[in-house]
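Notes to accompany the following structure.
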Amino acid sequence: MMHEASIPAQVSTKPALVVAPHADDETFGCGGIMALKSDAGVSVHVLLLTDGRSSHTHVAGTNVDELITTRNREMIEACGILGVPADRIHFLNLPDQGLSRLNHEAFVDASTRLANLLKQIAPAEVFVNHPFDRHPDHEAGFRILQHAIAQSGLTPELFHYPIWLIWKGPMHWTRKPASLRGAMRIDVRSVQDRKERAIQVYSSQLPVLPPGFVKQFQQGYEVFFRQ
């Protein structure tokens, strides 16, 4: 498993931005880091890239507007448990399941809006999905952030957190690109109970996730890669 070869690391006291392609990714991937930083009085902001409308496309009778509202509400509640207040949560409202299909104009617009947010909050660290995270929205979200950082002129430390990359289900990814070397892990056992409470807030999402998927985020550590 990836964490068995990872290197122990400590949470810094640097202000951070966590970029989540979908509501729940921030909690799964960085919930412990968010809580540890917040407990230390460190400023943490969270950015949600998509509107969340497509998580239930296979469920007949889904009310898309209600789903969007529910997912945003769940994110605000989950982040609150982890110590991030609502006024530090930002929404880009890009199309769920559509980030990889943005045309050039929409891509530039999204990057510019994100660059403006970066300049506004000036984080010293940015946490974003791994560029090979095995989900089109996740991988496209990384590219949008990469472009935004270049536009902003800022030089935050960039950390990649895996979500689908570490999934050990039937479709287990067996390739090991060089970019997976040097994984680092944070011990979040002291705040794992709060992370678990935040995960359970996502009652709209837990039933549609693969069996066993959540377990990988309940082990008391978080893995990331420094770019």
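For the chain, what is the mean residue ellipticity at 222 nm derived from helices alone (per DSSP H run of n ≥ 4: -39500 (n - 2.57); sum divided by total residues; nearest 500 deg cm²/dmol)?
Details: 5 runs with 78 residues, N = 227.
After summing the helix terms and dividing by residue count, I get -11500 deg cm²/dmol.
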Next item on the list: Quickly work out the Gln200-to-Arg101 label distance, labels modelled 7 Å from Cα along the C-beta direction, and quote it in nm with one decimal.
Entry: 3.7
Item checked: Calculated from backbone phi, Karplus (6.51, -1.76, 1.60) coupling profile of the stretch 183-197 in Hz, x at Gly/Pro -> 4, 10, 10, 10, 7, 10, 4, 5, 10, 4, 5, 5, 4, 5, 4
Next item on the list: Please name which of Gln146, Ala115, Gly83 has its Cα lying farthest along the dipole of the chain towards the positive end, using unit charges on Cβ (Lys, Arg +1; Asp, Glu -1) and the Cα centre as origin.
Entry: Gln146
Check: Across the chain, where is the longest run that never hits trypsin sites (Lys or Arg not before Pro) in a DSSP loop with at most 16 other C-beta atoms within 10 Å?
Finding: 1-133
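List Val208, Val223 from most exposed to least, where exposure is judged by having the fewest other Cβ atoms within 10 Å.
Details: Val208 11, Val223 22.
The most exposed by this proxy come first: Val208, Val223.
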Checklist line | Rough spin-label spacing in nm, given labels placed 7 Å along Cα→Cβ, for Val108 and Lys215 | finding: 4.8
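Using a Cα distance threshold of under 15 Å, what count of lysine pairs results for the stretch 2-226 when pairs must be 8 or more residues apart or interchain? Provide the component values of the computation, followed by the final result.
Numbers: Lys14/Lys37; Lys37/Lys195; Lys168/Lys176; Lys168/Lys215; Lys195/Lys215.
Going through the stretch 2-226 pair by pair, I get 5.
Using a Förster distance of 41 angstrom, determine the FRET efficiency expected from the C-beta separation of Glu77 and Ala150, and round it to 0.05.
Values: r = 34 Å, r/R0 = 0.82.
Calculated value: 0.75.
Each value in this text was obtained by applying a stated rule to the coordinates, not by laboratory testing. This structure is a prediction, so every number in the text was calculated from the model and none was measured. As a convention, Cβ positions derive from the backbone with ideal geometry for all residues, glycine included, and neighbour counts pool all protein chains shown.
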